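The values are calculated or read from the model by the stated rules, or taken from the named source; none is laboratory data. Computed from a predicted model, the values in this text were never measured in an experiment. When we count neighbours, we look across all protein chains shown, and the Cβ atoms used for this are built from the backbone with ideal geometry, even at glycine. These accessible areas exclude ligands, DNA and RNA; they are computed on the full protein's heavy atoms, side chains included. Shrake-Rupley method; radii C 1.70, N 1.55, O 1.52, S 1.80 Å.
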Amino acid sequence: MIRVVLVNKFYYPRGGDCVAVMAAERLLKAKGHEVAVFSMQYPDNVSSPWETYFPAEVSFSGATVSGRIRAAERIFRAGEVAARFTRLLNDFKPDVVHLHNIHSYLSPVVAQIARRQRLRVIWTMHDYKLICPAYACLRAGKPCEVCFSRKSGVFRHACMKGSRAASLLAWMEALYWNGKKLARLTDRFISPSLFLKEKMVSAGFRAEQMEVLPNFMHRPTPPPADKEDYYCYTGRLSGEKGVETLLEAAKHLSFPLKVIGGGPLLETLRRQFPQRHIEFTGPLPAEALLPVVQRARFLVMPSVWYENNPFSMIEALCLGTPVLGANIGGIPELIEEGRNGMLFEPGHAEQLREHILHMRQTAFPYQTIAQQALQRFSAENHYERLLAVYQDQLSKRDIFIIKNKTAE
């Protein structure tokens, strides 16, 4: 069996990256592999037997100047991260180091340390950080690829939180941990979507270094239920998610809409869209969320940014709920037009309104949608392909070690 260290900056279900890491940990353990976790200390973290190795929490928006300086130092020096990660590797003795979201709070120094110990390094990309210093390839609400060729764009346009200081730090980080350096430190990149892979290649990464492996359904899914007369949105309520476009499309319709999730725009949107047929539930726990998505006529994914391989879409499809998605990023890879959903142009409220009415009137094959999605995004399929990546890289390591011993 293979010994794996999973590395992610947070260790609680904060977002898709964390959900993927925790699901991968459960999956690998269930298959008999030994798994260690390396993350940053954080109050919301799930308890882990490995937490004594976690470096202290840092905050880039902390109240004190010294705290922000300490956070900035971690990007470039990462002394505590390096010491604690080295200790974990020495104690656990893994075969594979599998990175996920590591920038800033941990830093790519972990890849550097693993490489020095001749370990195989796999890196799953959950966003666009390696080609966009501000993570999202988004500027003024529109897709932006300026930094694919010149990382100075993040500073020039103050893309990082609208702050020159934060954007300067992101630019310096991108120069220090540049793509060529990170490609040398990584044996294999995993991209959950073909779209992300193609963008990374267009920004200078090698296609042959990347494996496309979608996310998988990480929890038991009940069978499709009888549909009720409403549709829903689930996710963060923030600008890049395009929720305002959805609400503009929905406000003149009488068709009930459930908006599920929290975020910086929640209260603003509640005030802006007081229509009785629009319900803002706030965040819901999984046990309450699943039945709502399961009984919905369809789910809407109205994003205006390059979504990668969103769990909310995969979950809906596995529940037999079709998806009306924006034609952007990795969303189209999940939708078969007219079979398990439809596409509309991002940001076009009028077209979205027409598609909502069309989706409501369409009799989708809910059972078939669920069966096909559960097969496509099964944990078993994901495991077999991930194991193949691990084994391929370990065979190359063994060849490398044999060659070195022969040379000696």
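Near VAL292, within a Cβ-to-Cβ distance under 14 Å, what is the net charge of the other residues, with Lys and Arg +1 and Asp and Glu -1? Display every interim value, and only then the final one.
Working: positive: LYS227, LYS258, ARG295, ARG297; negative: ASP226, GLU228, ASP229, GLU279, GLU287, GLU315.
It works out to a net charge of -2.
If Lys and Arg each add +1 and Asp and Glu each add -1, what is the summed charge of the other residues whose beta carbon sits under 10 Å from the beta carbon of VAL212?
Details: positive: LYS197, ARG385; negative: GLU198, GLU211, GLU333.
So the surrounding residues net to -1.
Would you mind getting the accessible area per residue of the chain, heavy atoms of the protein chains only, 1.4 Å probe, in Å²?
Working: 17840 Å² over 408 residues.
For the chain, the solvent-accessible area averages 44 Å² per residue.
Roughly how many Å is it from the Cα centre of region 287-327 to that of region 383-397, as a whole number?
31 Å
How much mean residue ellipticity at 222 nm does the chain get from its helices, if each DSSP H run of length 4 or more adds -39500 (n - 2.57) and you divide by all residues, to the nearest 500 deg cm²/dmol? Working shown, then result.
Values: 15 runs with 168 residues, N = 408.
It lands at -12500 deg cm²/dmol.
Taking LYS142 as the anchor, which lysines have their alpha carbon closer than 25 Å to its alpha carbon, excluding any fewer than eight residues away along the same chain?
Straight-line reach from LYS142, under 25 Å: LYS129, LYS151, LYS161, LYS197, LYS199, LYS241, LYS251.
Apply the Karplus parameterisation 6.51 cos²θ - 1.76 cosθ + 1.60, with θ equal to phi minus 60°, to every residue of region 14-22 and state each ³J(HN,Hα) to the nearest whole Hz, in sequence, with x for glycine and proline.
Working through the residues one at a time gives 6, x, x, 5, 5, 4, 5, 5, 5 Hz.
Around GLU211, which amide H atoms from residues at least 5 apart in sequence, or from another chain, sit under 5 Å from its own amide H, with H modelled in the peptide plane?
Under 5 Å from the amide H of GLU211: PHE189, ILE190, SER191.
Identify the trypsin sites (Lys or Arg not before Pro) of region 101-195 meeting these criteria: DSSP loop state and at most 13 other C-beta atoms within 10 Å of the C-beta.
Taking region 101-195 and a limit of 13 other Cβ atoms within 10 Å, the loop trypsin sites (Lys or Arg not before Pro) found are ARG118, ARG150, LYS161.
For region 23-91 and region 337-363, what is the separation of their Cα centres, given in Å?
42 Å
Cross-link candidates for LYS93: which lysines have Cα within less than 28 Å, leaving aside residues fewer than 8 places away along the same chain?
Straight-line reach from LYS93, under 28 Å: LYS9, LYS29, LYS31, LYS180, LYS181, LYS396, LYS403, LYS405.
Rank these by accessible area, largest first, 1.4 Å probe: SER59, SER152. Could you put the intermediate results ahead of the total?
Working: SER59 45, SER152 25 Å².
Sorted by accessible area, descending: SER59, SER152.
Which one of GLU248, GLU208, GLU279 has the biggest mean-square fluctuation once the chain is modelled by GNM with Cα springs under 10 Å?
Of the options given, GLU208 has the highest mean-square fluctuation.
Please say if the chain is rounded, prolate or oblate, where rounded means a/c under 1.5 for a ≥ b ≥ c the square roots of the C-alpha gyration tensor eigenvalues, and otherwise the choice is prolate for a/b larger than b/c and oblate otherwise?
Details: a/c = 1.88, a/b = 1.47, b/c = 1.28.
Verdict is prolate for the chain.
Kindly identify region 300-362 as rounded, prolate or oblate by the Cα gyration tensor criterion: order the square roots of the eigenvalues as a ≥ b ≥ c, call it rounded if a/c is under 1.5, otherwise compare a/b with b/c, prolate if a/b is larger, else oblate.
Details: a/c = 1.94, a/b = 1.07, b/c = 1.81.
Here region 300-362 falls in the oblate category.
So in the chain, what percent of DSSP beta bridges are antiparallel if you round to the nearest 5? Display every interim value, and only then the final one.
Working: 2 of 38 bridges.
Antiparallel bridges make up about 5 percent of those DSSP assigns within the chain.
If amide hydrogens are placed 1.01 Å from N in the peptide plane, which non-local residues have theirs closer than 5 Å to the one on SER59?
Excluding prolines and chain starts, which carry no amide H, the hits are ALA71.
Through the Karplus equation 6.51 cos²θ - 1.76 cosθ + 1.60, θ set to phi - 60°, convert the phi angles of region 24-39 into ³J(HN,Hα) values in whole Hz; use x for Gly and Pro.
So the Karplus estimates, Gly and Pro as x, are 5, 4, 4, 5, 5, 5, 4, 8, x, 7, 8, 10, 10, 10, 10, 8 Hz.
Among rounded, prolate and oblate, which fits region 53-138 when a ≥ b ≥ c are the square roots of the eigenvalues of its C-alpha gyration tensor, a/c under 1.5 means rounded, and a/b larger than b/c means prolate? Can you show the working numbers first?
Details: a/c = 2.61, a/b = 1.27, b/c = 2.05.
Oblate is the answer for region 53-138, as a/c is 1.5 or above yet b/c matches or exceeds a/b.
Amide H neighbours of MET342 under 5 Å, counting only residues 5+ apart in sequence or on other chains, H built in-plane at 1.01 Å?
Distant-sequence amide H within range of MET342: VAL323, LEU324, GLY325.
Would you give the gap between the C-alpha center of region 219-246 and the C-alpha center of region 145-202, rounded to a whole Å?
Cα centroid to Cα centroid, the span is 30 Å.
Under 15 Å from the Cβ of PRO55, count the other residues' Cβ atoms, weight Lys and Arg +1, Asp and Glu -1, and hand me the total. It would help to have the intermediate numbers written out before the result.
Details: positive: LYS9, ARG70, ARG74, ARG77, ARG84, ARG87; negative: GLU51, GLU57, GLU73, GLU80.
Once positives and negatives cancel, what remains is +2.
In whole Hz, what ³J(HN,Hα) sequence does region 280-295 give by Karplus (6.51, -1.76, 1.60; θ = phi - 60°), x for Gly and Pro?
Residue by residue, region 280-295 yields 9, 8, x, x, 10, x, 3, 5, 8, 5, 4, x, 5, 5, 4, 8 Hz.
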